[in-house]
Amino acid sequence: MRDFAIVKGIEGQRIEVVSLISDACITCSSIDCAKQGKSFHVINKRNFPISENNIVRIGFPRILNGILGLISLFTPIFCSAIGFFFSPIVATKLGFELTQTTKALTVIAFFFISSALVFIISRTDLHLTHPEIIQVL
């Protein structure tokens with residue numbers, strides 16, 4: 001997430017901003033055509049001099065984005081391995097005979113369920129921390 005926002009209120013390190021939503025060209029750096037979205041809070045970790053109505057660029061730290069990317073990558077793989085080891089339990093609970101096909105289907109099911117959960121969670125507004133101000137324009 002690397003977006004533009006307008007500062008609406010300042011409360012110490014927590015700053016209320018309103019996001020600027022642009023339906024125009026992605027490569028366009030002009031923010032004159034942007035619409036205002038809903039307000040939310042960001043953090044000023046770098047102690048930029050900010051006043052109301054400033055336009056700022058906000059985003060999450062790159063290290064956090066990298067960690068979340070690795071979690072998103074390895075969670076389905078880890079769940080697939082769990083599916084392999086739990087395939088005898090799943091087969092007995094569902095009344096199937098434990099075969100190689102049953103093991104493979106259990107691994108695939110665990111993989112797709114965990115992938116779907118990662119996808120759903122990544123599309124929500126659930127974040128571990130508030131975004132921070134990266135640049136003042």
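The values are calculated or read from the model by the stated rules, or taken from the named source; none is laboratory data. Keep in mind that this is a model prediction, so the values were computed, not measured. Heads up, the Cβs are rebuilt from the backbone with ideal geometry, glycines too, and the neighbour counts pull from every protein chain shown. Please note that ligands, DNA and RNA were not included when accessible areas were found on the heavy atoms of the full protein model with its side chains. Shrake-Rupley method; radii C 1.70, N 1.55, O 1.52, S 1.80 Å.
Checked against the criteria, Q135 does not count as over 19 Å from S72 (Cβ atoms), out of contact with any helix residue (DSSP H, G or I) (no Cβ under 9 Å at 6 or more places or on another chain) and open to solvent by 80 Å² or more (accessible area, probe 1.4 Å). Against the conditions (1) of a type outside the set (F, W, Y); (2) closer than 26 Å to L68 by Cα; (3) open to solvent by less than 80 Å² (accessible area, probe 1.4 Å), where does I121 fall short? Just the number, please. Status for I121: all satisfied but (3). Residues that are surrounded by fewer than 12 Cβ atoms within 10 Å (Cβ to Cβ) and modelled with pLDDT under 90 were ranked within region 53-93; the one that is nearest to the chain's Cα centre (by Cα) is G69.
Close contacts from region 96-110, counting a first residue that is over 19 Å from I77 (Cα atoms) and a second that is of a type in the set (V, I, T), with Cβ to Cβ under 7 Å and a gap of 6+ residues or different chains, come to F96/T102.
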